[in-house]
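K.L.:
This is the structure I want to talk about, given as structure tokens.
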Amino acid sequence: MKIQIITLFPEMFDGVLGSSMLWKAQKEGFVEYKYINLRDFGLGPRKQVDDTPYGGGDGMLLRIEPLVAAIEKAKENDPSATVFLPTPRGKLYKQSDAKRLAEIKRGMIIICPRYEGYDERITRWVDEQFCIGNYVLTGGEIPTMVLIDSVVRLLPGVLGGETSTEIESFQKDDTTIEFPQYTRPEKFRDLEVPKVLLSGHHAEIAKWRHRMSNNS
Ligand code: ADE
């Protein structure tokens, strides 16, 4: 799966995509991350990417020409990729979306808006607008990391191990999903691991975990 990120701040992704599972997923060939720097498509000698809004108002908006040029470049690399736009005005992103995107395995092109937003006409080039929660962030990079993390961990072979799929099987969009877990020591100060988990009784453990996962 090719994931192309259109951003003015590619360095923001270094720590997140360059560590742990997301890094391993790339190293092992499950996924390929590619950055497209929006500045490279800026206008004029100063490579301008933003401008003031028609009708007045605070702040600057990303102009349409650099955005479309960057999307077209990304489409040249992967013509069938889906184009995503993180925006507080998008549909609330859920676990079921992550599953759908991991299953279809189509390439992803993700635009990271900055400043006060973007020229709305860009939405003609966008397939899916998504919002990661009812709060406003300074740009699209963090929502993009959320999208990537949630999809890549579900690609077959990336997580591996029985436990991960077991936890996954309890997942529903609007319920608490994971049961509490414990490791050594059995007792820390006055805090003890629930006895059932030490019992070795697999059926009882499964029942307890199901109950604690708040699955309805
Ligand atoms: N951009 C700014 N805030 C956002 C949010 N909550 N979700 C998606 N994109 C955003």
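The values are calculated or read from the model by the stated rules, or taken from the named source; none is laboratory data. It should be emphasised that the depicted structure is a prediction, and the values quoted were computed from it without experimental measurement. Every residue, glycine as well, gets a Cβ built from its backbone with ideal geometry; the counts of neighbours run over all protein chains shown. Side chains included, ligands, DNA and RNA excluded: accessible areas come from the protein's heavy atoms. Shrake-Rupley method; radii C 1.70, N 1.55, O 1.52, S 1.80 Å.
K.L.:
Suppose we filter the range 39-56 for residues that are touching a strand residue (DSSP E or B) at 6+ places or on another chain (Cβ under 8 Å) and free of Cβ contacts under 8 Å to residues at least 60 places away in the same chain; how many remain?
P.N.:
Going through the range 39-56 one residue at a time, the tally reaches 4.
K.L.:
Sticking with this one: Failed condition for Thr183, given (1) at pLDDT 95 or above; (2) polar (S, T, N, Q); (3) in contact with a helix residue (DSSP H, G or I) (Cβ under 9 Å, 6 or more places away or on another chain), with all others met?
P.N.:
Thr183 satisfies every listed condition except (3).
K.L.:
What is the one condition in (1) touching a strand residue (DSSP E or B) at 6+ places or on another chain (Cβ under 9 Å); (2) under 17 Å from Ile6 (Cα atoms); (3) free of Cβ contacts under 8 Å to residues at least 40 places away in the same chain that Thr82 does not satisfy?
P.N.:
In the conditions (1) touching a strand residue (DSSP E or B) at 6+ places or on another chain (Cβ under 9 Å); (2) under 17 Å from Ile6 (Cα atoms); (3) free of Cβ contacts under 8 Å to residues at least 40 places away in the same chain, Thr82 misses (3) alone.
K.L.:
Filter the range 98-125 down to residues that are open to solvent by 20 Å² or more (accessible area, probe 1.4 Å) and either within 16 Å of the ligand (Cβ to nearest atom) or under 19 Å from Val68 (Cα atoms) (or both), then give me how many there are.
P.N.:
10
K.L.:
Turning to a different aspect of this structure: Would you kindly identify the helices (runs of 4 or more DSSP H) lying entirely within the range 1-92 that contain at least 3 residues that are touching a helix residue (DSSP H, G or I) at 6+ places or on another chain (Cβ under 6 Å)?
P.N.:
Hits in the range 1-92: 64-77.
K.L.:
Let me ask you something else. Select from the range 126-158 the residues that are away from the ligand (no atom under 16 Å from the Cβ) and buried (at least 16 other Cβ atoms within 10 Å of the Cβ) and list them in ascending order.
P.N.:
Within the range 126-158, Val152, Arg153, Leu154, Leu155, Val158 qualify.
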